[in-house]
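**Student:** Structure provided below as C-alpha cells; questions to follow.
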Amino acid sequence: MDIQITALSKTYGSGRSAVRALRGVDLTIGEGMFGLLGPNGAGKTTLMRILAGLVNPTSGRVMVAGHDLSTERGKVAVKAMLGYLPQELGLYPELTARQFLDYMAILKGLDDVRTRRARVDRTLEMAGLADVADRRLKGFSGGMKRRVGIAQALLNDPRILIVDEPTAGLDPEERIRFRNLLVDLASDRIVILSTHIVEDICQTCRDMAVLDRGLVRFRGSPADLIARARGVVWQIRTENGHKPDGGLVVVSTLQLANGVRYRVVGRDASAHPGAEPAQPSLEDGYVWLMQAKDALPGGE
Amino acid sequence: MNLLYHLRIYRREHLALPAGLWMLFALMVAFARMDDGRACEMACTFLGFVLPLMAGILAASAIVDDPVLELQLAAPRAPWRILVERLAVLLGIVALAALAYQVYLGAMGIDLTGLGNPAARQLAWLVPSLALMGLSSLVALALVQGTGGALLVGLLWLLQILARGWFVASPWARYLFLFMRVRYADHPALAANELCLLGLGMLLVIDAGWLLRKTERYL
C-alpha cells in the first residue's frame with residue numbers, strides 16, 4: 001500500500017490575490033512513518049487536507065492505495081481507511097471523551113454498538129485517556145485534547161494516519177509520549193506526520209520530505225538531510241557577544257559565563273579564528289537546506 | 001443515535017431561544033385568556049410567525065458554526081447528510097415546541113379552529129419553517145457565516161409582515177408569502193402557496209447540500 005502524489009498543485013483564489021500553496025509536488029509515500037517538515041506557510045496543511053479528501057487540488061493526481069482522490073467514490077474509499085488529526089482540533093466541550101469518541105465512531109460507520117464500544121474503549125486506552133473517559137472535554141488540558149484527537153483518528157483502525165502538527169503546544173513529556181505512540185502505530189500502516197518541529201521528525205521518521213513555499217526541497221531519510229550539512233556546521237565562541245557574520249546562519253545560541261557560544265551553518269567560517277567544526281544534526285541539515293535555497297536567485 | 005448526538009452537541013444558548021420564546025408566549029396567552037380573540041391572536045402569532053423565524057435563525061448556524069466540522073467532513077459519508085441530519089433535529093425541536101404549545105392552548109381552552117383542523121393547523125408553522133430553514137442554511141453556507149443567514153431570514157420575515165398586503169395581492173408573490181395560512185386561511189391560493197413554499201424549501205436545502213460538497217470552503 002502506498003500514496004502516489006504526481007504533479008500536485010493547489011492555488012487558492014484567483015488573479016492578483018491568488019496564493020499558490022502547492023507547486024508541482026511529486027511524492028511517493030510507503031508504509032511506516034513519513035515526516036513532512038517545513039516552515040509555517042509551506043503548504044503542509046494543504047497537502048494533508050488534500051490527502052484527507054477535504055481539499056481538491058487545482059491540478060495533479062493523488063492515488064491512495066489504488067483509489068483516485070479526484071473522484072467522489074475514491075474520496076469515500078480513502079476516508080474509510082483514513083485517520084485524520086487536523087492542525088486545529090475542535091471538540092464539543094459538553095461531551096465527555098467517551099461520548100465524543102462514540103459520536104465520531106458513528107460518523108466513521110461503526111454502526112454495531114458492541115463493536116463500537118469495544119473500539120472506543122480500546123482507543124481511550126491507547127491514548128491514555130481511560131481514567132478520564134467520562135469527564136467533559138471542556139475540562140481537558142491542551143495535551144489531553146490532542147490525545148482525544150489522536151484517539152478519534154484511530155477509531156476505525158486506519159491504514160493511513162495523517163497527523164498535522166500534533167505536538168504543537170504539548171509539554172515535553174506529552175510530546176515524547178505522543179511520538180512513541182505514533183511510532184508504535186507506524187509498524188503496520190502509513191503514518192504521515194506534518195510538523196515544523198525538527199525534533200519530532202528526528203525522533204520518529206526514517207523517511208521524510210521538506211516542503212517550502214509549495215515545493216519539495218528535499219526527499220530522503222533524516223540521515224541524508226544530516227549528511228548534507230557535513231562540513232558546514234561550526235561552533236564559534238565569542239567573548240563580546242557579537243553575532244558571527246560573513247554568510248553564517250546561527251542555528252542556536254548558548255550564553256556562557258564568559259561569553260556566548262554560537263552554533264552556525266555556513267560554507268566558510270575562516271573569518272572566525274576560534275571556529276570549530278561540529279557534527280551536524282537534523283536541525284543543522286534543515287537550516288542548511290533552507291539557507292542554501294534562500295541563497296539562490298529568487299529564493300528558489 | 002446519531003440524531004441524539006446532533007441534539008447533544010447543539011449549543012445550549014441556541015436551545016434557550018425556543019424555550020424562552022415558548023415560555024414568553026405561554027405567559028402572554030395565560031394573561032390574555034379572558035379575551036378569547038386576543039389569546040387566539042397571540043397563539044397564532046407564536047405558531048405562524050415566531051416559530052418559523054426561530055427555525056430559520058437556528059438553521060443558519062446548523063453547519064458553519066460547528067467547531068468539529070473538519071472532522072465531520074473527513075468522515076467517510078456524504079457531506080449533505082450532516083446538513084439533513086442537523087436540519088431534521090432542528091425541525092424536531094420546532095415541532096416539539098409547536099405541539100407542546102398546542103397542548104398547552106388546549107388545556108387553557110383556547111380555540112384554534114380558525115387555522116383549520118388539527119392536521120392542517122400544523123402547516124401554519126411547518127411550511128414557513130421549512131422555507132426559512134432552507135433559505136437560511138443556503139445563505140449561511142454560501143457566505144460561510146451563520147449570522148448572514150440569520151440576518152437575511154430576519155429581514156425577509158420583517159418585509160413579509162410589513163408588506164403582507166402587497167404579497168397577497170401580487171399574482172406571483174402570493175405564492176411566496178410565508179404567512180398565508182395564519183393570516184388568510186380562506187385564500188383560494190392557499191394550497192398552491194403551501195406547495196410552492198414546500199417545494200422551494202426543499203430546493204434550497206438541496207442547493208445547500210450541494211454547496212457543502214465544496215468542503216474546502218468550510219475549513
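**Student:** What are the residues in the stretch A:241-285 that are touching a Lys or Arg at 6+ places or on another chain (Cβ under 6 Å) and either part of a helix (DSSP H, G or I) or without any contact (Cβ under 8 Å) to a residue 40 or more places away in the chain (or both), if any? Before the answer, list the steps.
**Tutor:** The initial filter retains those residues of the stretch A:241-285 that are touching a Lys or Arg at 6+ places or on another chain (Cβ under 6 Å), namely A:251-252, A:254, A:259, A:261, A:274, A:280, A:285.
Scanning the stretch A:241-285 gives A:Val251, A:Ser252, A:Leu254, A:Gly259, A:Arg261, A:Gly274, A:Gly285.
**Student:** Within the bounds of the stretch A:153-166, is there any residue that is assigned to a helix (DSSP H, G or I) and either within 14 Å of chain B (Cβ to nearest Cβ) or exposed (fewer than 15 other Cβ atoms within 10 Å of the Cβ) (or both)?
**Tutor:** Yes, some residue in the stretch A:153-166 is assigned to a helix (DSSP H, G or I) and either within 14 Å of chain B (Cβ to nearest Cβ) or exposed (fewer than 15 other Cβ atoms within 10 Å of the Cβ) (or both).
**Student:** Now, a different point. Working carefully through the options A:Leu181, A:Leu193, A:Leu185, find the one that is in contact (Cβ under 8 Å) with a residue 60 or more places away in the chain, more than 24 Å from B:Asn2 (Cβ to Cβ) and more than 14 Å from chain B (Cβ to nearest Cβ). Can you show your working first?
**Tutor:** Values: A:Leu181 fails: in contact (Cβ under 8 Å) with a residue 60 or more places away in the chain; A:Leu185 fails: in contact (Cβ under 8 Å) with a residue 60 or more places away in the chain.
Going through A:Leu181, A:Leu193, A:Leu185 in turn, just one is in contact (Cβ under 8 Å) with a residue 60 or more places away in the chain, more than 24 Å from B:Asn2 (Cβ to Cβ) and more than 14 Å from chain B (Cβ to nearest Cβ): A:Leu193.
**Student:** Only one of B:Ala19, B:Ala30 is over 16 Å from B:Ala98 (Cβ atoms), in a helix (DSSP H, G or I) and among the small types (Gly, Ala, Ser); which?
**Tutor:** On the way: B:Ala19 fails: over 16 Å from B:Ala98 (Cβ atoms).
Result: B:Ala30 is the single residue among B:Ala19, B:Ala30 that is over 16 Å from B:Ala98 (Cβ atoms), in a helix (DSSP H, G or I) and among the small types (Gly, Ala, Ser).
**Student:** Same structure again: Take the residues of the stretch A:25-53 that are among the β-branched types (Val, Ile, Thr) and within 14 Å of chain B (Cβ to nearest Cβ): which is nearest to A:Asp200 (Cα to Cα)?
**Tutor:** So in the stretch A:25-53, the residues among the β-branched types (Val, Ile, Thr) come out as A:25, A:28-29, A:45-46, A:50.
When the remaining residues are screened for being within 14 Å of chain B (Cβ to nearest Cβ), the result is A:45-46, A:50.
Numbers: A:Thr45: 16, A:Thr46: 20, A:Ile50: 22 Å.
This residue is A:Thr45.
**Student:** What's the number of the only condition in (1) modelled with pLDDT of 95 or more; (2) surrounded by 15 or more Cβ atoms within 10 Å (Cβ to Cβ); (3) over 16 Å from the mean Cα position of the chain (by Cα) that A:Ala7 fails to meet?
**Tutor:** Unmet for A:Ala7, out of (1) modelled with pLDDT of 95 or more; (2) surrounded by 15 or more Cβ atoms within 10 Å (Cβ to Cβ); (3) over 16 Å from the mean Cα position of the chain (by Cα): (2).
**Student:** Now, a different point. Touching a Phe, Trp or Tyr at 6+ places or on another chain (Cβ under 9 Å) and either within 14 Å of another protein chain (Cβ to nearest Cβ) or on the phi > 0 side of the Ramachandran plot (or both), is that true of B:Ile63?
**Tutor:** For B:Ile63, the condition - touching a Phe, Trp or Tyr at 6+ places or on another chain (Cβ under 9 Å) and either within 14 Å of another protein chain (Cβ to nearest Cβ) or on the phi > 0 side of the Ramachandran plot (or both) - is met.
**Student:** Looking only at residues that are surrounded by fewer than 18 Cβ atoms within 10 Å (Cβ to Cβ) and within 12 Å of chain B (Cβ to nearest Cβ) in the stretch A:54-72, which one is farthest from A:Ile190 (Cα to Cα)?
**Tutor:** A:Thr58
**Student:** While we're here: Which count do you get for residues in the stretch A:73-127 that are among the small types (Gly, Ala, Ser), closer than 25 Å to B:His14 by Cβ and facing chain B (nearest Cβ under 7 Å)?
**Tutor:** Result for the stretch A:73-127: 1.
**Student:** Being within 18 Å of the chain's Cα centre (by Cα) and in contact (Cβ under 8 Å) with a residue 24 or more places away in the chain, is that true of even one residue in the stretch A:108-125? Walk me through it before giving the result.
**Tutor:** Here is the first cut: in the stretch A:108-125, the ones within 18 Å of the chain's Cα centre (by Cα) are none.
Within the stretch A:108-125 (the criterion being within 18 Å of the chain's Cα centre (by Cα) and in contact (Cβ under 8 Å) with a residue 24 or more places away in the chain), the answer is no, since none of the residues qualifies.
**Student:** Any idea which residue in the stretch A:259-300 is modelled with the lowest pLDDT, counting only those that are within 21 Å of the chain's Cα centre (by Cα) and not hydrophobic (A, V, I, L, M, F, W, C)?
**Tutor:** The residue in question is A:Lys293.
**Student:** Against the definition (buried (at least 22 other Cβ atoms within 10 Å of the Cβ), β-branched (Val, Ile, Thr), touching a strand residue (DSSP E or B) at 6+ places or on another chain (Cβ under 6 Å) and touching a residue at least 12 places away in the same chain (Cβ under 8 Å)), how does A:Val148 come out, yes or no?
**Tutor:** On the way: buried (at least 22 other Cβ atoms within 10 Å of the Cβ): yes; β-branched (Val, Ile, Thr): yes; touching a strand residue (DSSP E or B) at 6+ places or on another chain (Cβ under 6 Å): no; touching a residue at least 12 places away in the same chain (Cβ under 8 Å): yes.
No; evaluated as a whole, the condition is false for this residue.
Per-residue answers, yes or no, for (1) surrounded by fewer than 20 Cβ atoms within 10 Å (Cβ to Cβ); (2) within 19 Å of B:Leu130 (Cβ to Cβ):
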{"site": "B:Leu15", "(1), (2)": "yes, no"}
{"site": "B:Ala43", "(1), (2)": "no, no"}
{"site": "B:Phe49", "(1), (2)": "no, yes"}
{"site": "B:Pro67", "(1), (2)": "yes, no"}
{"site": "B:Glu70", "(1), (2)": "no, no"}
{"site": "B:Trp80", "(1), (2)": "yes, yes"}
{"site": "B:Ala97", "(1), (2)": "no, yes"}
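Rundown of residues vs (1) more than 14 Å from chain A (Cβ to nearest Cβ); (2) surrounded by 22 or more Cβ atoms within 10 Å (Cβ to Cβ); (3) assigned to a helix (DSSP H, G or I); (4) at pLDDT 95 or above, yes/no style:
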{"position": "B:Gln102", "(1), (2), (3), (4)": "yes, no, yes, no"}
{"position": "B:Ala107", "(1), (2), (3), (4)": "yes, no, yes, no"}
{"position": "B:Gly114", "(1), (2), (3), (4)": "yes, no, yes, no"}
{"position": "B:Ala131", "(1), (2), (3), (4)": "yes, yes, yes, yes"}
{"position": "B:Leu155", "(1), (2), (3), (4)": "yes, no, yes, yes"}
{"position": "B:Leu159", "(1), (2), (3), (4)": "yes, no, yes, yes"}
{"position": "B:Val168", "(1), (2), (3), (4)": "yes, no, yes, no"}
{"position": "B:Pro171", "(1), (2), (3), (4)": "yes, no, no, no"}
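**Student:** Considering each of A:Leu282, A:Leu248 in turn, give the residue that is of a type in the set (A, V, I, L, M), in contact with a Gly (Cβ under 6 Å, 6 or more places away or on another chain) and surrounded by 15 or more Cβ atoms within 10 Å (Cβ to Cβ). Before the answer, list the steps.
**Tutor:** Values: A:Leu282 fails: in contact with a Gly (Cβ under 6 Å, 6 or more places away or on another chain).
After ruling out the rest, the residue left standing is A:Leu248.
**Student:** If you don't mind, there's one more thing I want to ask. Could you grab me the full set of residues in the stretch B:177-219 that are part of a loop (DSSP other than H, G, I, E, B) and either hydrophobic (A, V, I, L, M, F, W, C) or touching a strand residue (DSSP E or B) at 6+ places or on another chain (Cβ under 8 Å) (or both)? Give the derivation first.
**Tutor:** The first filter runs over the stretch B:177-219 and keeps only residues part of a loop (DSSP other than H, G, I, E, B), leaving B:177-179, B:184-189, B:213-214, B:219.
Listed by number, the residues that qualify are B:Phe177, B:Leu178, B:Phe179, B:Ala185, B:Ala189, B:Leu219.
**Student:** Right, something else. Report, ordered by the first and then the second residue, all pairs with beta carbons closer than 6 Å, sequence separation of six or more or different chains, a first member in the stretch B:134-158 that is farther than 17 Å from B:Leu87 by Cβ, and a second member that is surrounded by fewer than 19 Cβ atoms within 10 Å (Cβ to Cβ) and at pLDDT below 95.
**Tutor:** From residues that are farther than 17 Å from B:Leu87 by Cβ, the pairs are B:Val144/B:Arg217.
The values are calculated or read from the model by the stated rules, or taken from the named source; none is laboratory data. None of these values were measured; they are calculated from a predicted model. Backbone-built Cβ (ideal geometry, glycine too); neighbour counts: all protein chains shown.
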